[in-house]
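Here the structure is laid out as structure tokens; the discussion comes afterwards.
The values are calculated or read from the model by the stated rules, or taken from the named source; none is laboratory data. The model shown is predicted, which means the values in this text are computed figures rather than measured ones. Reconstructed Cβ throughout: ideal geometry from the backbone, glycine too, with neighbour counts over all protein chains shown. Note: accessible area is taken over every heavy atom of the protein model, side chains too, but ligands, DNA and RNA are not part of it. Shrake-Rupley method; radii C 1.70, N 1.55, O 1.52, S 1.80 Å.
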Amino acid sequence: MFGISSLLGRKVKWARHFDHVYCIHFTGNPDRLPAITAEFRRVGLLQSGIFDFVYNSPDPWESAIVASCPLVSTEPVSNAAFVNLGLCTARILREALCRGFSRILILENDIRFFKDLARLERTFAATPDGFDIVQYDKFVEWNLSPEAYREMVSTRRINEFFFDGGTGTFYSGACFALTQNGMRALLQALESDGPRPTDGL
């Protein structure tokens, strides 16, 4: 149990868990920037020394990709905004690999963390070894029933905070970590399947 006084001045030890943290901020949503900046300041991410906003903006050539690339144009994700996000994510992965980062965290610009920073720190500290992609927000397959979800958590539990998602598809790119193996695998998917949001990859 944590009293108010024990949380004063407490910040998450981001550099203990990640080599770098990226937040994708689409410049078409300027209204999101003040709130997400305040949130990152609250949890100590802005002050961590390992954080960058990635300012992503639309490019008129993205419409040409949608129109000319069958891998993209025949899929439900065939719109310029999704192509834009996929290209931005690929650039982040290439940069992180070039800089030799072992583990990175990628965030979207509307995320919010636990109010209890001690719980947030414990969650990151409990991240299991041996997993190349770790999703920190709770999203599951659309057609998964609550009962099936509970069974999956129960039978695949790793520790208090995590379970092995196996071959399931978890539709969120809001807060996830990658090792170098995870970065390479996701980049290969983006380059071979076409630029798209990471959610379904």
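Can you list which of the GluC sites (Glu not before Pro) found in the stretch 104-201 are DSSP loop residues with at most 11 other C-beta atoms within 10 Å?
On the way: sites: Glu108, Glu121, Glu141, Glu147, Glu151, Glu160, Glu191; in loops: Glu141, Glu160.
Passing both the DSSP loop test and the Cβ count: Glu160.
Take the solvent-accessible surface of the protein heavy atoms, probe 1.4 Å, and return the percent of it on the stretch 121-197 that carbon and sulfur atoms account for.
Working: 2110 of 4330 Å².
Percent of accessible area from carbon and sulfur atoms in the stretch 121-197: 49.
Pairs of Cα atoms under 8 Å, at least six residues apart: use those to get the relative contact order of the stretch 21-165, whole percent.
26
Roughly how many Å² of Met152 are accessible to a 1.4 Å probe, to the nearest 10?
Accessible area of Met152: about 20 Å².
For the stretch 10-154, state the semi-axes of the equivalent ellipsoid (square roots of 5 times the eigenvalues of the alpha-carbon gyration tensor), sorted largest first and rounded to whole angstrom.
28, 22, 16
Jot down the per residue volume, in cubic angstrom and as a whole number, of the convex hull over the alpha-carbon atoms of the stretch 77-201.
126
Considering the zone a paramagnetic label at Arg91 would reach in this model (a point 7 Å from Cα along the Cα-to-Cβ line), which residues of the stretch 15-49 have amide N under 18 Å from it?
Residues passing the 18 Å test: 21-30.
So how much accessible area does Ile133 have, in Å² to the nearest 10, using a 1.4 Å probe?
90
As a test of reading the structure, rank Lys115, Lys13 by solvent-accessible area (1.4 Å probe, protein chains only), most first.
Working: Lys115 185, Lys13 95 Å².
Accessible-area ranking of Lys115, Lys13, largest first: Lys115, Lys13.
Using the basic label-point model (7 angstrom from Cα toward the beta carbon), what is the Asp19 to Phe114 distance in nanometres?
2.7
Just the number please: accessible area per residue for the stretch 62-201, 1.4 Å probe, all protein chains included, in Å².
53
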